[in-house]
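Engineer: Take a look at this one; I'll ask things after.
Please treat every number below as a calculation from the coordinates, not as lab data. Keep in mind that what you see is a predicted model, and the values were worked out from it rather than measured. Note: ideal-geometry Cβ built from the backbone for every residue, glycine included; neighbour counts use all protein chains shown.
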Amino acid sequence: MTRQRGEVVVETRDLCMHFGGVRAVDQVDFTLFDRELRCLIGPNGAGKSTFFKCLTGQLTPTSGDVIIRGQEMTGAEPFEVASLGVGIKTQVPNVFDGLTVEENIWLSARRWHGESRARSLTAETIERLRLGDIRRTLVGQLAHGQRQWVELGMVVAAEPWLVLLDEPAAGMTHEETYRTVELIEEINKTSALIVVEHDMQFIRMISRTVTLFHEGRILMQDTMEAISADPRAREVYLGHRA
Amino acid sequence: MSSGMLRQMRPTLVYALLGIVFMFAAPHVLQLFTIINLTTAIALAILALSLALIWGYGGILCFGQVAFFGLGAYVYTISAINIGGSTWAILIAVLLTSAFAAALGYFIFFGRVSDVYLGVITLTVTLIFFSLIRRTSGPEYKIGKALLGGFNGVSSPPINLPWDARTFLFPEQVFYVAMAALILCYVFAGWLVNTKFGRVCVSIRENELRSELLGYDVRLYKLGIFTIGAGIAAVGGVMFCNGVGRITPDVFNLYNAALTIIWVIVGGRGTLIGPAGATFALFYLTSALGGQSVLNNNLVLGVILIVFVLLVPKGVAPTVIDWVNRRRRKRPVRSRRRRRSRAEDAG
């Protein structure tokens, strides 16, 4: 593959998502480079999750463009975005509750590979995410954090080149969060990532560049240290916590 | 077929084998009247099987599965009268019904119509057929040589040997054909749910958004299983009008539409053998109740439905399977412990 670091993989131009009079996402120009790890932060209602849903095809933007690896994906169906090789994890765990952990992962691997490769990839993923003990358990019977891991497993098993994660650490224990950070860093070796997060601790652990959303717009884009030091950012977001 | 698939299909094949034994034994044991009756029950079991497939595995609650069943019967009857033989008529019935379901399903699934409205639409289509065909009693309503006959229906030509229109099958032989059709449809459906296609359909039943986010076009998968289900229902319809000897618009009425749902609820969603078995049980129950006048038939069916929804919500087959699995899981633990204590004794 001729892709190299530095190529733009996700771009939005003048992206707007309005719900009636509410401008949830307003004129957002966003660029993500290959192998980049980007965090989207912002207070509740800042528009980061709406922006995320516009990228994944769960919402059709009011106006503007979403371009993924040079392809116009505005208003595409979620399966079309995923079919580009994009791995997506939603905010609320979306898993197959009535199926086993193994079957969940297999369904992801089988989308891209034939019978035998899918089977071996499923086994590898289960080992990699340490899900071996619960491989035959129904996902519906698992704890919240484990369900999150199964969903991450499904993302990983598809071997995506771009990964979109909406609040991956929500509801996880400290230990699970730490392992999620490790996993994200491992994924980042081969793929670009966009991570929407609320947990500042978590962002400090993984962040390179952070995009701060406020009232549907990008307020700033910088390192976490710079954002923490900025008075505007402290006011809209960090101020609530300090 | 891979070994994994064979292992997955073992229960299906065991039931199919039992079906084959029954198929060859029944005509020697039972009276002709019972055999003819049984043919009708078999046809209805195929209908239940088709709904078990699309609702139990595809998560599509089609309230009008009986529409495809009735359409299959009508298309078969009309084609057989016009062609003067059953061979092509059967093929046309299955293909035309599937094509109709594919067209209907295209608008439902690609229009992203939600589950509730899917039930409403399919039921409405069924009732439209009911009203429409009821009004066709007159010499002007005919397709080719076949008079539609309004609420009296049309009498269906019996099945003949393939490409030999002069050798009709006797009722006893129609029983063999119907039973073979049921077993083939059952094995086919059992195979289908274990293929990649079937497993993706199950995943869509579990969580549509997740399947979509994995990159599966859920609209296409739903349309696929819906169309296949309609084809199986049409096979049931063909057997039904052969068992009864005619087809009337009553097949499309609300009672039959609801009855199909009851079979699947009682038998259990997520299995194929359950709904098929429940159809036989309820068919014979209603036949037995028909012979007395103390209890109203519909009242009894209603009570059965309520009892199942409240007490056995998963249906008979899944409940039995759960129970067997729980016992099986307990047993190895016990024997392992016994073995260990024996080893300790020896040591």
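Engineer: Along the stretch B:70-87, what does the Karplus equation 6.51 cos²θ - 1.76 cosθ + 1.60 (θ = phi - 60°) give for ³J(HN,Hα), rounded to whole Hz, x for Gly and Pro?
Structural biologist: x, 4, x, 5, 5, 4, 4, 4, 5, 5, 5, 5, 6, 7, x, x, 9, 4
Engineer: Each residue of the stretch B:272-288 in turn: what ³J(HN,Hα) in whole Hz from Karplus with 6.51, -1.76, 1.60 and θ = phi - 60°, glycine and Pro shown as x?
Structural biologist: My calculation for the stretch B:272-288 gives 9, 5, x, x, 4, x, 4, 4, 4, 4, 6, 4, 6, 5, 5, 4, 5 Hz in order.
Engineer: Something else about it: Normalised by the residues of the stretch B:3-299, what does the relative contact order come to in percent, with Cα pairs under 8 Å and at least six apart?
Structural biologist: Worked out over the stretch B:3-299, it gives 36 percent.
Engineer: Place the peptides A:24-31, B:175-182, B:301-308 in order of packing, highest mean first, counting for every residue the other Cβ atoms within 10 Å and averaging per peptide.
Structural biologist: B:175-182, A:24-31, B:301-308
Engineer: Quickly rank B:131-144, B:184-197, A:180-193 as a protection proxy: mean count of other C-beta atoms within 10 Å, highest first.
Structural biologist: The densest-packed peptide leads the list: B:184-197, A:180-193, B:131-144.
Engineer: So what's the gap between the Cα centers of the stretch B:148-174 and the stretch B:250-277, to the nearest angstrom?
Structural biologist: Going from one Cα centre to the other spans 26 Å.
Engineer: Highest GNM mean-square fluctuation, chain B, Cα pairs closer than 10 Å: which of B:L61, B:L285, B:L223?
Structural biologist: Highest fluctuation of the listed residues: B:L285.
Engineer: Just to be sure I understand the model, the point goes 7 Å from the Cα along the line to the Cβ. What's the resulting B:Y255 to B:F22 distance in nm?
Structural biologist: Placing both labels 7 Å beyond Cα along the Cβ direction yields 2.5 nm.
Engineer: Under a straight-distance cross-link criterion of Cα-Cα below 25 Å, which lysines are reachable from A:K189, leaving out those fewer than 8 residues away in the same chain?
Structural biologist: Within reach: A:K48, A:K53, A:K89.
Engineer: Run the numbers for B:N325 and B:R10: contour at 0.36 nm per residue of separation, minus the present Cα-Cα distance, in nm.
Structural biologist: Here the answer is 111.9 nm.
Engineer: Still on this structure: With N denoting the number of residues in the stretch B:8-53, provide Rg(C-alpha) divided by 2.2 N^0.38 Å, to two decimal places.
Structural biologist: 1.33
Engineer: Which cross-chain or sequence-distant (5 or more) residues have an amide H under 5 Å from the amide H of A:R69, H modelled 1.01 Å from N in plane?
Structural biologist: Residues meeting the amide H criterion: A:V10, A:E11.
Engineer: Got a sec to turn the phi values of the stretch A:50-67 into Karplus ³J(HN,Hα) couplings, 6.51 cos²θ - 1.76 cosθ + 1.60 with θ = phi - 60°, whole Hz, x for Gly and Pro?
Structural biologist: Values, residue by residue: 5, 4, 4, 5, 5, 5, 8, x, 6, 10, 9, x, 5, 7, x, 10, 10, 10 Hz.
Engineer: With all pairs of different alpha carbon atoms counted, what Kirkwood hydrodynamic radius in Å does the stretch B:3-299 show?
Structural biologist: After inverting the mean inverse Cα-Cα distance, the result is 19.5 Å.
Engineer: Which whole number gives the average, over all residues in B:215-221, of C-beta atoms from other chains lying within 10 Å of the residue C-beta?
Structural biologist: So the per-residue partner count for this stretch is 5.
Engineer: Within 10 Å of each Cβ in peptide A:112-122, how many partner chain Cβ atoms are there on average? Round it to a whole number, please.
Structural biologist: 1
Engineer: Further question: Does the stretch B:108-205 classify as rounded, prolate or oblate by the C-alpha gyration tensor (a ≥ b ≥ c root eigenvalues; a/c under 1.5 gives rounded; else a/b over b/c gives prolate, otherwise oblate)?
Structural biologist: oblate
Engineer: Between B:T167 and B:S2, take the C-beta separation as r, use R0 = 35 Å, and let me know the FRET efficiency to the nearest 0.05.
Structural biologist: For R0 = 35 Å, the calculated efficiency reads 0.30.
Engineer: Check B:S86: other-chain or 5+ apart residues with amide H under 5 Å from its amide H, H built from backbone geometry?
Structural biologist: For B:S86, the qualifying residues are B:N160.
Engineer: Now, a different point. For B:Y284 and A:R135, FRET efficiency with R0 = 51 Å and r from the beta-carbon atoms, rounded to 0.05?
Structural biologist: About 0.75, to the nearest 0.05.
Engineer: Taking the Cα-to-Cβ direction at A:R232 and at A:T190 and moving 7 Å from each Cα, how far apart do the two end points lie in nm?
Structural biologist: For A:R232 paired with A:T190, the spin-label model returns 3.9 nm.
Engineer: Let me ask something else. Take the alpha carbon gyration tensor of the stretch B:1-125, find the square roots of its eigenvalues, order them as a ≥ b ≥ c, and report rounded if a/c is under 1.5; if not, report prolate when a/b exceeds b/c, else oblate.
Structural biologist: oblate
Engineer: Return the FRET efficiency for the residue pair A:M200, A:A123: r is the Cβ-Cβ distance, R0 is 30 Å, and the value is rounded to the nearest 0.05.
Structural biologist: Efficiency, rounded to the nearest 0.05: 0.25.
Engineer: Taking each residue in B:198-210, count the Cβ atoms of any other chain within 10 Å of its Cβ, then average. What number comes out?
Structural biologist: Mean shielding count: 5.
Engineer: Separate question: Under the definition of Cα pairs under 8 Å and six or more residues apart, what whole-number percent is the relative contact order of chain A?
Structural biologist: Rounded, it is 25 percent for chain A.
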